[in-house]
Amino acid sequence: METLSLIYYSPTGTTKKIVKEIGQNMGLELISENNIAENKTESIPKTSNNCLTIIGLPVYGGRIPITAIESLKKLQSNQSPVVIVVVYGNRDYDDSLLELKEIASNCGFKIVASAAFIGEHSFSSNEKPIAKNRPDKQDLEKCRDFARMITEKLKDIKDINMLSEPDIPGNYPYKERNQLPASIHPETDNDRCNQCGICVDSCPTNAITIQETVITNGELCTWCCACVNHCPEEARIFDNPTINAVKEKLFLNCSIRKEPIYFV
Ligand SMILES: Cc1cc2nc3c(=O)[nH]c(=O)nc-3n(C[C@H](O)[C@H](O)[C@H](O)COP(=O)(O)O)c2cc1C
Ligand code: SF4
Ligand code: SF4
């Protein structure tokens, strides 16, 4: 193994941090890095057998984000090795890792290792923190441990067909996807908004346009919270009774720290 390719979908940045920390500790030359939440139109890089790919996705409703799947399915591999990682907000990763494994296998990848890490929940706030500031120092140390385990596993492999794939937890049929009502999405406080357009660029689904004011297409909104996180004026606000009830429930039920888990 000589080179490394990173592919992730990371609207609020935690998945990116984790994938990069694992990648930086693999001792391989980084040849491509692709945040498919940002590069909406860019094509996904080709893979080769001496290149290790790391794919990282956040968990949405116990599944992988539907908007990332289309891009991932374009990947083509001829049994090149892949590490698959999901990042969840301290509730649960449910069937997401199994779902990602199935997609990667269907693209022709050979699964070397997989892991579920924890990132600050997209709905977390200072008032109702959920996995606040994660990944933290301990999590990043675990990224490095995971990288060491992968390196160790790959060290003696001469033929990729000899590689044993790890067992990955999850259930079929996968957890049913939540239907997101189009009427619920972050709103814009026009008194604060200076129409800078940062939210437009940060939205992975092109749900935001600027006309007279900032307009959100609720049909396209996945509640990823990238616009809320990136707005420099704190003008994007996700303050809705349904969302507030979810935040409260997560805050109350998901406060006990969970730890990353690896399958190598
Ligand atoms: C719509 C939505 C659904 C989510 N569902 C879950 C979930 O089922 N379990 C969980 O633990 N975290 C869940 N999260 C939290 C994210 O998985 C977590 O915050 C992750 O770190 C976000 O990754 P990112 O920073 O790369 O965007 C959800 C977040 C969003 C926006
Ligand atoms: S990022 Fe914030 S300030 Fe900029 S256009 Fe969007 S809502 Fe307005
Ligand atoms: S409008 Fe919706 S999909 Fe777009 S960045 Fe904001 S929360 Fe995410």
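The modelled label-to-label distance for the pair Gln179/Ile157, using points 7 Å beyond Cα in the direction of Cβ, is 4.2 nm.
Taking each DSSP H run with n ≥ 4 as -39500 (n - 2.57) and averaging over every residue of the chain yields -8000 deg cm²/dmol at 222 nm. With the alpha-carbon atoms of the stretch 68-178 aligned to their principal axes, the span from lowest to highest coordinate is 52, 33, 23 Å, starting with the largest. Taking only alpha carbon atoms, the stretch 1-40 gives an Rg to Rh ratio of 0.99, where Rh is the Kirkwood radius.
What's the angle, to the nearest 10 degrees (0 to 90), between helix 137-155's Cα axis and the longest principal axis of the chain? Value to nearest ten degrees: 30. For the set His185, His230, solvent exposure ranked by accessible area (probe 1.4 Å, protein chains only) runs largest to smallest as His230, His185. Please report the carbon-and-sulfur percent of the accessible area for the chain; probe 1.4 Å, protein heavy atoms only, DNA, RNA and ligands left out. Looking at the chain in its full context, I get 47 percent from C and S.
Excluding same-chain neighbours fewer than eight residues apart, the aspartates and glutamates reachable from Lys247 by a Cα-Cα span under 12 Å are Glu127, Asp239. Cross-link partners of Lys73 among aspartates and glutamates, defined as those whose alpha carbon lies under 13 angstrom from its own and excluding same-chain residues fewer than eight positions apart: Glu99, Glu102.
Over the chain, with a Gaussian network built from C-alpha contacts below 10 Å, which listed residue (Gln211, Gln138, Gln76) shows the highest mean-square fluctuation? Its mean-square fluctuation being the largest, the pick is Gln211. Model label sites at Asn217 and Ile256, defined 7 Å from Cα along the beta-carbon direction, differ in position by 4.4 nm. Largest first and in whole Å, the equivalent-ellipsoid semi-axes of the chain read 33, 20, 17, each the square root of five times a Cα gyration tensor eigenvalue.
Per residue, the accessible area of the chain comes to 50 Å² when a 1.4 Å probe rolls over the protein heavy atoms.
The values are calculated or read from the model by the stated rules, or taken from the named source; none is laboratory data. Computed from a predicted model, the values in this text were never measured in an experiment. Backbone-built Cβ (ideal geometry, glycine too); neighbour counts: all protein chains shown. Quick note on the areas: whole protein, heavy atoms, side chains included, nothing else; ligands and nucleic acids left out. Shrake-Rupley method; radii C 1.70, N 1.55, O 1.52, S 1.80 Å.
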